[in-house]
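Colleague: Quick one: structure below, then a few questions.
The values are calculated or read from the model by the stated rules, or taken from the named source; none is laboratory data. Computed from a prediction, not measured in an experiment: that's the story for all the values here. Every residue, glycine as well, gets a Cβ built from its backbone with ideal geometry; the counts of neighbours run over all protein chains shown.
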Amino acid sequence: MQLRIALFVRNKVMIKLNRRIAALKPSATMAAEARATEMKEKGIDVISLAAGEPDFDTPERIKAAARRALDEGRTKYTTVSGVTDLKKAIALKLRRDNHLDYEIGEILATAGCKQAEANVIAALFDEGDEVIIPTPAWVSLAAIVGLSGAVPILVPCPEGNGFLLGPDELKKAITPRTRGIILNSPSNPTGAVYSASHLAEIAKVALDADMWVLSDDVYEHISYDGLPAHIFTVEPRLRSKGIVFNSLSKTYAMTGWRIGFAAGPKEAIAAAARLQGQNSGNPNSITQYAAIEALTGPQDDVRAMAEEFRARRSIVVDRVRALPGFRLPHIPPGAFYAFPNISGLIGKTLRGRKIEHGDSFAAIALDEARVAMVGGNDFGAPDHVRISYAASRENLNAAFDRISELLKKLD
C-alpha cells in the first residue's frame, strides 16, 4: 500500500522544464506525417500528401560515393564545420548556381539545413531582438527564432499578391528592435517565388534598416521557370549582413542523409561553428563525402526530378481546382506543394465534426478519407491546407478521388 501511494505521488510530481522548451509545439508537418505512418503500420490504407520530402531514391552516383567513403575508412570525426573538400564543393555550387563567391572560412556544413538555421540564428540574435518572418512560412522558423530568445514577427502576405511580401508591408513591420528578416524562395508551403525586381525592392528596405537578411534556398532547384533570382546577387551590398541557407535534402532526394550548410560573413559563421562544436560536432562523415559527389557530379538527376514534379503539379492544380470549396488562384511556381484556400468549407460538418480551419479539415480527411495533408494553421494561414505532390501520379489521383468522395458527404 505504501509503495502504491509513493508511486502515485511520484507520478503526480510536475517536472519543471526550460520555459522555451515547455512552450515549444511539435512540428506540424512532422506530426502529420508521423500520424499517417502510424496508421500505415497498423495496416490502414493511407495516402500521404503530407511529407515534405521527395519520394525518389537518392541517385546511385551519390550512394556509390558513400560506399567508397566507407571502404576508405572515412568514419572518424571531421572538422566541426565540415571537411575542406565539402566546403570547396559548396563554394563551387554557390558560384555555379547563384553567382556568389564564398571562401572556405565563410562556409559551415551542418546536419541538415534546420541545424544551420538554428545555429546561425542563435549566434546572431539576442534576447528581445525582432526577426521578421513573412507568412505563410515553414512551421519551424518561428520556433527556431523563439528558441534563440529573439521575437518572431509574423507578417501576413496576402494570397491575392501570390503570398509575396511587399516592400510596404516590410517597412511597416520594422521597429527599432528589428535585427533581421528570413526569406524563403521558393516557399514552403506556398511555392511562391520572388522575382529579381521584387527582391530589389525588398533589398532596398533591408539596406535602409541595416538588418540581417537570411535567405532559405532549400527548394531552389524545384523551380519551374529556371533557377530563382538570389537576393545577394540582386543586391551584393547585403552580403556583409547576409546568410545563405541550403541543403541537399530536396535537390538530391537526400532527406535522411542530413546534410545542409550556411554561408556568410566569417565572424557569423565562426560563431555558429563554435555553437555547433558544443551542441553536436561535425555532420556525418560518410554523408559529407556523398555530398561532395552530389554537388560536383553530373546534375542530370536534379533536372529529371524537377521535371517529374512539374508533371505532378499539373495534376494537382487541375484536381484541386475541381474540388468544391477549394480555391487555388495561383499556380505555384516552385517547390512541390499546393496551398489551396478551403474557406468555402468552413462551417460544414461530417457526422457532427465541424470544419473550423485547415487543421480540422486535415484531421477529418485523414480519419475519414485516409488522406494525409497538413493544415495551414501553423504556417500562419488557417484557411488553407498544404498538399505535397512528392507522391506518385497514381497516388495523387487516388488521393483526390478520396477527397472528392469525402466532400460529397459534408453537411
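Colleague: I'd like to check something: does segment 245-258 contain any residue that is touching a Leu at 6+ places or on another chain (Cβ under 9 Å) and assigned to a strand (DSSP E or B)?
Modeller: Yes, some residue in segment 245-258 is touching a Leu at 6+ places or on another chain (Cβ under 9 Å) and assigned to a strand (DSSP E or B).
Colleague: State whether one or more residues within segment 296-313 are farther than 30 Å from residue 87 by Cβ, under 21 Å from the mean Cα position of the chain (by Cα) and surrounded by 22 or more Cβ atoms within 10 Å (Cβ to Cβ).
Modeller: Checked segment 296-313: at least one residue is farther than 30 Å from residue 87 by Cβ, under 21 Å from the mean Cα position of the chain (by Cα) and surrounded by 22 or more Cβ atoms within 10 Å (Cβ to Cβ).
Colleague: Testing residue 347 on (1) part of a loop (DSSP other than H, G, I, E, B); (2) in contact (Cβ under 8 Å) with a residue 12 or more places away in the chain, one condition comes back false. Which one is that?
Modeller: (2)
Colleague: Please indicate, with yes or no, whether at least one residue in segment 102-109 is over 29 Å from residue 198 (Cβ atoms) and either in the same structural domain as residue 332 (by TED's automatic domain parsing) or part of a loop (DSSP other than H, G, I, E, B) (or both).
Modeller: Applying the first criterion (over 29 Å from residue 198 (Cβ atoms)) to segment 102-109 yields 103-105, 109.
With the extra rule that they be either in the same structural domain as residue 332 (by TED's automatic domain parsing) or part of a loop (DSSP other than H, G, I, E, B) (or both), the set shrinks to 103.
Yes, segment 102-109 contains at least one residue that is over 29 Å from residue 198 (Cβ atoms) and either in the same structural domain as residue 332 (by TED's automatic domain parsing) or part of a loop (DSSP other than H, G, I, E, B) (or both).
Colleague: Here's another thing I want to ask about it. Specify which of the listed residues (119, 98) is in contact with a His (Cβ under 6 Å, 6 or more places away or on another chain) and in contact (Cβ under 8 Å) with a residue 24 or more places away in the chain.
Modeller: Numbers: 119 fails: in contact with a His (Cβ under 6 Å, 6 or more places away or on another chain).
Being in contact with a His (Cβ under 6 Å, 6 or more places away or on another chain) and in contact (Cβ under 8 Å) with a residue 24 or more places away in the chain holds for just one of 119, 98, which is 98.
Colleague: Continuing with the same structure: Before we move on, is residue 332 touching a Gly at 6+ places or on another chain (Cβ under 7 Å), at pLDDT 95 or above and outside the structural domain of residue 396 (by TED's automatic domain parsing)? Working first, answer last.
Modeller: On the way: touching a Gly at 6+ places or on another chain (Cβ under 7 Å): yes; at pLDDT 95 or above: yes; outside the structural domain of residue 396 (by TED's automatic domain parsing): no.
No; evaluated as a whole, the condition is false for this residue.
Colleague: Right, another one. Those residues that are surrounded by 20 or more Cβ atoms within 10 Å (Cβ to Cβ) and out of contact with any Lys or Arg (no Cβ under 9 Å at 6 or more places or on another chain), I need them from segment 37-64; list them, please.
Modeller: The answer is 51, 59, 62.
Colleague: Which of (1) among the small types (Gly, Ala, Ser); (2) surrounded by fewer than 24 Cβ atoms within 10 Å (Cβ to Cβ); (3) in contact (Cβ under 8 Å) with a residue 24 or more places away in the chain does residue 192 not meet, given it meets every other one?
Modeller: It is condition (2) that residue 192 fails.
Colleague: Let me ask you something else. Can you work out which of the residues in segment 330-359 that are buried (at least 22 other Cβ atoms within 10 Å of the Cβ) and in contact with a His (Cβ under 6 Å, 6 or more places away or on another chain) is farthest from residue 134 (Cα to Cα)?
Modeller: Going through the qualifying residues, I end up with 358.
Colleague: Same structure again: Got a sec? Which of 218, 205, 213 is among the hydrophobic types (A, V, I, L, M, F, W, C), crowded, with 19+ Cβ neighbours inside 10 Å and assigned to a loop (DSSP other than H, G, I, E, B)?
Modeller: Numbers: 205 fails: assigned to a loop (DSSP other than H, G, I, E, B); 213 fails: assigned to a loop (DSSP other than H, G, I, E, B).
Residue meeting the stated conditions: 218.
Colleague: Name the single residue that is farthest from residue 319 (Cα to Cα) among those in segment 360-401 being charged (D, E, K, R) and buried (at least 18 other Cβ atoms within 10 Å of the Cβ). So that I can check it myself, show each step before the final result.
Modeller: Narrowing segment 360-401 to residues charged (D, E, K, R): 367-368, 370, 378, 383, 386, 393-394, 401.
If we keep only those that are buried (at least 18 other Cβ atoms within 10 Å of the Cβ) too, we end up with 370, 378, 383, 386.
Numbers: 370: 17, 378: 24, 383: 19, 386: 14 Å.
For segment 360-401, the residue satisfying everything is 378.
Colleague: Which of the residues spanning segment 123-137 are part of a strand (DSSP E or B) and either among the β-branched types (Val, Ile, Thr) or over 16 Å from the mean Cα position of the chain (by Cα) (or both)?
Modeller: Step one: filter segment 123-137 for residues part of a strand (DSSP E or B), giving 130-135.
Result: 130, 131, 132, 133, 135.
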